[in-house]
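Structure first, then comments.
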Amino acid sequence: MRLVVVLAVLMGVSGIPDVTISPPTASADTSAHPNSIPETADESEQIKARTEEGAEEDVMATGELNPNHYPARRAAQVVQHYLNTRYGSPFRLIGVQTVHSGNAEDVADSGRKYQLELSVNDITNTTQTCSAELFFPKGKGQQPPEVKALCEELVKIDIKAQEEALYQKYKTNQTLMSAQYLPDSHGHIEPDMKPFWHLGILASSFIMLNESTENTLYNVAQVANITQLTTEEDHLEFDCHTLLHEMVSQEIIHWKMLFTWSPAEGVKVVQMKRLPHRHEREKSPKTN
């Protein structure tokens, strides 16, 4: 079974039950979607080889960085995740447009610091140049990067009316929303489902930010399932299963999340759980 992975940039805890959600089996025409990963094994191996070659060459680069090389691009992707957790909305999804310059330096034995100048834009076609600083800690166990970045121009476009309309529609609906395969195997998303695709990306941004290192490059491949849950609180609540694409290893990683959203509070991830690979689940001993 082949999964056509559609990347997240369309301009990128515990306690949740383990589930298996299979993608549609239809063959996809990747030429119809500019963000599709090539299907053929040869093309995939070429991408992986180029990525690994760049990783070996550049991962520990120090001093001024080439904006087009992997260290600067990976650091910029982490900034993108951070900005989406800070400013993101069903109607404001942020992506890195251009990395203008970058610098990396070792900080004693504690980690490495990156400084970037980059342009970002969102789905409202707002573009801003901003500065960002990242620190990747070293030590036992993986620690999330520390990010500082301000892009206040991104929030000047007023989307309050759109957010409120979406909130009221699904807060008062008698039928709870549920959707699968956003996007589908042809890269298609129904217009009324796009806000939920965006919400899945925003919630996943908290995971991708937490999981990122100097050696990773994460995008959302697909929101496999998103289901609205009943709640008496002043927010919408969702159970969500997403597929993350780690582009350096070419691995597809399944995560389950419970998250909330409201215009006032934004997205808040309540629970998250990385799911085992299907072959790992199949190998697990069965219990009576």
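The values are calculated or read from the model by the stated rules, or taken from the named source; none is laboratory data. Nothing here was measured: the structure is a model prediction, and the numbers come from that model. As a convention, Cβ positions derive from the backbone with ideal geometry for all residues, glycine included, and neighbour counts pool all protein chains shown. For accessibility, only protein heavy atoms count, side chains too; no ligands or nucleic acids. Shrake-Rupley method; radii C 1.70, N 1.55, O 1.52, S 1.80 Å.
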Seminar exercise, completed: Rounded to a whole %, the carbon-and-sulfur portion of the accessible area of segment 67-210 at a 1.4 Å probe is 47
Exercise. Just in segment 107-165: which trypsin sites (Lys or Arg not before Pro) are loop by DSSP and have at most 15 other Cβ atoms within 10 Å?
Worked result: K138, K140, K156
Exercise. How long, wide and thick is segment 142-255, going by the Cα atoms along their three principal axes, in whole angstroms, largest first?
Worked result: 45, 35, 28
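Of K113/K138; K171/K273; K138/K273; K171/K194; K138/K268; K113/K156, which sit over 19 Å apart, Cα to Cα? Write out the running numbers ahead of the final one.
Numbers: K113/K138 11 Å; K171/K273 26 Å; K138/K273 24 Å; K171/K194 17 Å; K138/K268 27 Å; K113/K156 30 Å.
From K113/K138; K171/K273; K138/K273; K171/K194; K138/K268; K113/K156, over 19 Å: K171/K273; K138/K273; K138/K268; K113/K156.
Using only alpha carbon pairs under 8 Å that are at least six residues apart, calculate the relative contact order of segment 61-120 and give it in whole percent. Display every interim value, and only then the final one.
Values: 84 pairs, mean separation 22.8, N = 60.
Dividing the mean separation by the residue count of segment 61-120 yields 38 percent.
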Problem set entry | Descending semi-axes in Å of segment 63-278, equivalent ellipsoid built from Cα gyration tensor | 30, 20, 15
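May I ask you to derive the relative contact order of segment 63-278, considering only C-alpha pairs under 8 Å and at least 6 residues apart, and to give it as an integer percent?
Values: 445 pairs, mean separation 36.2, N = 216.
After rounding, I find 17 percent.
For segment 63-278, what is the accessible area per residue in Å² when the probe is 1.4 Å?
Values: 9420 Å² over 216 residues.
The answer is 44 Å² per residue.
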